[in-house]
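Reviewing the structure listed below.
The values are calculated or read from the model by the stated rules, or taken from the named source; none is laboratory data. Just so it is clear, the model here is predicted, and its values are computed rather than measured. So basically every Cβ, Gly included, is an ideal-geometry build from the backbone, and we count neighbours across all protein chains shown. Side chains included, ligands, DNA and RNA excluded: accessible areas come from the protein's heavy atoms. Shrake-Rupley method; radii C 1.70, N 1.55, O 1.52, S 1.80 Å.
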Amino acid sequence: MLRPTRAPLAVLTACLALTALTALPASAAAAPAAPLAAPDIPLDRLTGQLADLAAIAEANGGNRAHGRPGYTASVDHLQEQLDAAGFETVRQEFTQSGVTGYNLIAEWPQAATDEILMTGAHLDSVVSGAGISDNGSGSAAVLEVALAVAESGLTPERRLRFGWWGAEELGMVGSRHYVDSLTDQELASFSAYLNADMVASPNAGYFVYDDDPAIEAVFADWFTAQGVTTEAAAEVRGRSDHVAFDGVGIPVGGVFTGAGRVMTAAQAAQWGGEEGLAFDPCYHQACDGLDNIDETALDRNADALAHAVWELGS
């Protein structure tokens, strides 16, 4: 309990504080608050998501491919988490090879404008395996960035929309269907699309999409600050879900750690990988399981993706 004799001191303190504030230069008093930095995405949560996807594949014939029970179970698993976090989710249907497929779309309901920043990854695997590197890694990274948005209570300038695409392995079918379904007004609202397809390859490289120089710089500058050299993601050009967005004039960007191409001596020297070995030796094979990821690359790329969402969404 405060004693009555303390009251004059409290009043004096308040007056002094007020005097100090009013004495500040007008420019300092009017300075806007610095934008919030993106949070660190916990590695254990990323690996936990991958373990869940591996378990789903194991319980459903060993894969999470289009039209298979493992894919539907993967969509269910992600949608449940996003709904609980407060996202507005939609499961969009399409048909491929006579079989119904699904895209999962989630939008954060807080935003200052109607402009859209979208981030996505394909959720399906090939039939031959669980697809933990390709593309459980990208799916987990996008999911944990979305959940970080919810946990931060972020109110960004742009509407943050997240997508998990079906049937990418059959020709980017889901993402093409989604873009085709957008109205002209919606297309005009997009500021950018960010793609995460394979972000934890076991012999990892650090590649950044170079389709849009401004978006490329957001990722490349972040990696440079971490002491990591990046290269242009030539291998993924024209081969992932950003293609449909790029085709309608939406600026695209993203991160990638390599697929079937072989790491060169120069790349091995700068990234500490193994020369002459594919970035992902289990690419599109049954061995693409939980042992087929580089946790350091997974952690770095998820953090880079979060940085880009916070930077480009503000």
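Kindly indicate the residue of region 218-240 that is out of contact with any strand residue (DSSP E or B) (no Cβ under 9 Å at 6 or more places or on another chain) and not charged (D, E, K, R) and also modelled with the lowest pLDDT among those meeting that condition.
Ranking the qualifying residues of region 218-240, first place goes to GLY238.
Do you know which residues across region 73-93 are touching a strand residue (DSSP E or B) at 6+ places or on another chain (Cβ under 9 Å), among the polar types (S, T, N, Q) and under 19 Å from ALA51 (Cβ atoms)?
Matches in region 73-93: SER74, GLN79.
Can you work out which of the residues in region 240-255 that are of a type outside the set (A, V, I, L, M) and surrounded by 15 or more Cβ atoms within 10 Å (Cβ to Cβ) is nearest to the chain's Cα centre (by Cα)?
By that ranking, first place goes to GLY254.
Please determine whether any residue of region 299-313 is out of contact with any strand residue (DSSP E or B) (no Cβ under 7 Å at 6 or more places or on another chain), open to solvent by less than 70 Å² (accessible area, probe 1.4 Å) and assigned to a loop (DSSP other than H, G, I, E, B).
no
Does region 149-171 hold any residues that are of a type outside the set (Asp, Glu), surrounded by fewer than 21 Cβ atoms within 10 Å (Cβ to Cβ) and in contact (Cβ under 8 Å) with a residue 60 or more places away in the chain, and which are they?
Matches in region 149-171: ALA150, SER152, LEU154, LEU170.
Out of all the residues in region 289-298, which are open to solvent by 20 Å² or more (accessible area, probe 1.4 Å) and assigned to a helix (DSSP H, G or I)?
Across region 289-298, the qualifying residues are GLU295, THR296.
For ALA232, which of the numbered conditions (1) among the aliphatic types (A, V, I, L, M); (2) under 26 Å from GLN96 (Cβ atoms); (3) open to solvent by 10 Å² or more (accessible area, probe 1.4 Å) fails to hold?
(2)
Go through (1) open to solvent by 40 Å² or more (accessible area, probe 1.4 Å); (2) assigned to a helix (DSSP H, G or I) and name the single condition ALA286 misses.
Checking ALA286 against (1) open to solvent by 40 Å² or more (accessible area, probe 1.4 Å); (2) assigned to a helix (DSSP H, G or I), the one that fails is (2).
Do you know which residues across region 177-213 are under 16 Å from ILE105 (Cβ atoms) and assigned to a loop (DSSP other than H, G, I, E, B)?
LEU182, THR183 - these are the residues of region 177-213 that are under 16 Å from ILE105 (Cβ atoms) and assigned to a loop (DSSP other than H, G, I, E, B).
Residue by residue through region 173-189, note down the ones that are touching an Asp or Glu at 6+ places or on another chain (Cβ under 8 Å) and either closer than 30 Å to ALA269 by Cβ or crowded, with 22+ Cβ neighbours inside 10 Å (or both).
GLY174, SER175
Please find, within region 251-281, the residue that is farthest from GLU216 (Cα to Cα) out of those that are in a loop (DSSP other than H, G, I, E, B) and among the polar types (S, T, N, Q).
THR264
If I go through region 34-75 residue by residue, how many of them are of a type in the set (Gly, Ala, Ser), surrounded by fewer than 17 Cβ atoms within 10 Å (Cβ to Cβ) and touching a residue at least 40 places away in the same chain (Cβ under 8 Å)?
2
Looking at GLY258, is it in contact with a Ser or Thr (Cβ under 9 Å, 6 or more places away or on another chain), at positive phi and open to solvent by 40 Å² or more (accessible area, probe 1.4 Å)?
For GLY258, the condition - in contact with a Ser or Thr (Cβ under 9 Å, 6 or more places away or on another chain), at positive phi and open to solvent by 40 Å² or more (accessible area, probe 1.4 Å) - is not met.
Please enumerate the residues belonging to region 76-122 that are assigned to a loop (DSSP other than H, G, I, E, B) and in contact (Cβ under 8 Å) with a residue 12 or more places away in the chain.
GLY86, PHE87, SER97, TRP108, PRO109, GLN110, ALA111, ALA112, THR113, ASP114, GLU115
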